[in-house]
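Inspection log for the structure reproduced underneath, given as C-alpha cells.
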Amino acid sequence: EATQRFFWQLAWRVPGLQPGTLVLSNDLPLWRHSDNSLTAPLNLLYSHAAASQDLAALLYYPEQRLGKSLQSLEPGTPVAVDYLAAAFHGSTSQAVALVYAPPGCLRILDPELDYDNEFIPQLMQDAARLSDVSLILPTGAPGLPPSLFGAEPEHRWCYYYEQAALARQQADWQSVVDLGDQAFQLGDYPNDPSERIPFIEAYAHTGRWQQALKQTRLAAEISPAMSPVLCRLWQRIERETSTTEEQANALESI
C-alpha cells in the first residue's frame with residue numbers, strides 16, 4: 001500500500017518523463033524495496049518502448065550510491081547501470097530530484113529554492129541543484145496498471161498538491177489557484193510547509209496578495225528553517241510579477 005501511494009503521487013506529479021532521466025530520491029520508507037527494485041515499476045510507468053534494452057529512467061538513492069556507482073553530484077557525471085535484461089545510460093545533467101517522507105507528499109525539488117532546505121536531507125539539498133523540471137512532461141505516461149498499483153486513491157490534499165505543482169511548472173497560475181481554493185476547503189492540510197509554495201506563488205501571480213501572505217505566514221510559523229526558502233520564493237515573485245502598489249505592500253510586509 002505504501003508503494004502504491006508513492007507511485008500514484010509520482011504519476012499525478014510527473015505524467016511523463018523524458019527518456020534517459022535519472023531520478024534522484026531520498027531513501028524511500030518502503031519496506032523491502034530498494035532503488036534497484038523500484039526502478040522496475042518506474043519503467044512500467046515511463047517506458048513507451050514495447051521491447052527495448054534501454055531503460056527510460058533510473059531511480060537512485062544518493063545516500064546509498066554516492067562514491068560508489070554514482071561518482072559525484074556534479075553536473076555531467078555519467079551514470080551507467082546494467083541490469084542484464086536492460087541497461088540505463090545517463091548523466092547527472094539529465095536528472096530530476098524528489099523527496100518522499102509520509103505523511104508529507106512526494107515533492108519534486110526546486111533548484112532555486114531547495115538547495116539549503118533544512119527540511120530535507122543534506123545530500124538531497126545537493127541533488128536539488130541538479131533537478132531539471134523541464135524533463136517532466138505534462139502528458140505521456142500510459143498510466144499505472146490497476147492489477148499492480150490498485151485503484152486510484154481518493155483525491156485528498158496530496159492529489160491537489162501534486163496537480164498544483166505540475167500546473168505551476170507550466171506557469172498555469174489560474175489552475176493552481178483553482179486547485180488551492182479546493183484543497184484548502186478539504187479539512188485536510190499540508191504536512192510539510194514547502195507544500196504551500198505553489199499556492200503562494202500562484203496567489204501572487206493572480207493578484208491575490210493577501211492569500212499569498214497568509215499561506216507564507218502559515219509556512220513560516222512551522223520553523224525558522226523555512227525562512228531562507230521563503231525569502232528566495234518572494235525574490236522570485238518580485239522578479240516575475242508586475243510592479244504594483246499591492247505587490248510593493250506585500251513585499252514590504254514579507
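The values are calculated or read from the model by the stated rules, or taken from the named source; none is laboratory data. The structure presented is a predicted model; accordingly, all values stated were derived computationally and were not measured. Please note: Cβ atoms are built from the backbone with ideal geometry, for glycine as well, and neighbour counts cover all protein chains shown. Protein only, heavy atoms only, side chains kept; ligands, DNA and RNA dropped before computing areas. Shrake-Rupley method; radii C 1.70, N 1.55, O 1.52, S 1.80 Å.
Which of the residues that make up region 196-239 are more than 21 Å from the chain's Cα centre (by Cα) and open to solvent by 60 Å² or more (accessible area, probe 1.4 Å)?
Arg208, Gln210, Lys214, Arg217, Glu221, Pro224, Glu238, Arg239
Please give the number of the condition Ala171 fails out of (1) on the phi < 0 side of the Ramachandran plot; (2) small (Gly, Ala, Ser); (3) open to solvent by 10 Å² or more (accessible area, probe 1.4 Å).
Going through (1) on the phi < 0 side of the Ramachandran plot; (2) small (Gly, Ala, Ser); (3) open to solvent by 10 Å² or more (accessible area, probe 1.4 Å) one by one, Ala171 breaks only (1).
Please work out if Gln9 is out of contact with any strand residue (DSSP E or B) (no Cβ under 8 Å at 6 or more places or on another chain) and either open to solvent by less than 30 Å² (accessible area, probe 1.4 Å) or of a type in the set (Phe, Trp, Tyr) (or both).
yes
How many residues, within region 107-127, are touching a strand residue (DSSP E or B) at 6+ places or on another chain (Cβ under 6 Å) and in a loop (DSSP other than H, G, I, E, B)?
3
Hey, could you check region 71-118 for residues that are aromatic (Phe, Trp, Tyr) and at pLDDT 95 or above and say which is most open to solvent (accessible area, probe 1.4 Å)?
This residue is Tyr115.
Answer with yes or no whether Leu24 is free of Cβ contacts under 8 Å to residues at least 60 places away in the same chain and closer than 25 Å to Arg168 by Cα.
No.
So in region 12-40, with the set limited to residues that are surrounded by fewer than 19 Cβ atoms within 10 Å (Cβ to Cβ) and charged (D, E, K, R), which one is modelled with the highest pLDDT?
This residue is Asp27.
Any residue that is open to solvent by 40 Å² or more (accessible area, probe 1.4 Å), within 21 Å of Ile254 (Cβ to Cβ) and of a type in the set (Phe, Trp, Tyr) - is there at least one of those in region 179-188?
Yes, there is a match, as at least one residue in region 179-188 is open to solvent by 40 Å² or more (accessible area, probe 1.4 Å), within 21 Å of Ile254 (Cβ to Cβ) and of a type in the set (Phe, Trp, Tyr).
Residues in region 51-60: is at least one surrounded by fewer than 17 Cβ atoms within 10 Å (Cβ to Cβ), touching a strand residue (DSSP E or B) at 6+ places or on another chain (Cβ under 9 Å) and farther than 23 Å from Pro111 by Cβ?
There is at least one residue in region 51-60 that is surrounded by fewer than 17 Cβ atoms within 10 Å (Cβ to Cβ), touching a strand residue (DSSP E or B) at 6+ places or on another chain (Cβ under 9 Å) and farther than 23 Å from Pro111 by Cβ.
Every residue in region 240-254 that is open to solvent by less than 80 Å² (accessible area, probe 1.4 Å), out of contact with any Phe, Trp or Tyr (no Cβ under 6 Å at 6 or more places or on another chain) and in a helix (DSSP H, G or I), please.
Answer for region 240-254, where residues must be open to solvent by less than 80 Å² (accessible area, probe 1.4 Å), out of contact with any Phe, Trp or Tyr (no Cβ under 6 Å at 6 or more places or on another chain) and in a helix (DSSP H, G or I): Gln247, Ala248, Leu251, Ser253.
Pairs, please: C-beta under 9 Å, at least 6 apart or cross-chain, first residue closer than 15 Å to Leu106 by Cβ and open to solvent by 20 Å² or more (accessible area, probe 1.4 Å) and in region 147-163, second assigned to a helix (DSSP H, G or I) and among the β-branched types (Val, Ile, Thr)?
Gln163/Val176
I'd like the full set of residues that are in contact (Cβ under 8 Å) with a residue 24 or more places away in the chain and farther than 16 Å from Ile108 by Cα, limited to region 181-196.
Ala183, Leu186, Asp188, Tyr189
Checking His89 against (1) in a strand (DSSP E or B); (2) more than 26 Å from Tyr115 (Cβ to Cβ); (3) in contact with a helix residue (DSSP H, G or I) (Cβ under 6 Å, 6 or more places away or on another chain), which test does it fail?
(3)
Here's a check for you: in region 128-146, which residue that is modelled with pLDDT of 90 or more and in a loop (DSSP other than H, G, I, E, B) is surrounded by the most Cβ atoms within 10 Å (Cβ to Cβ)?
Among them, the one singled out is Leu130.
Specify the residue that is farthest from the chain's Cα centre (by Cα); the eligible residues are those in region 25-67 that are hydroxyl-bearing (Ser, Thr, Tyr) and not in a helix (DSSP H, G or I).
This residue is Ser52.
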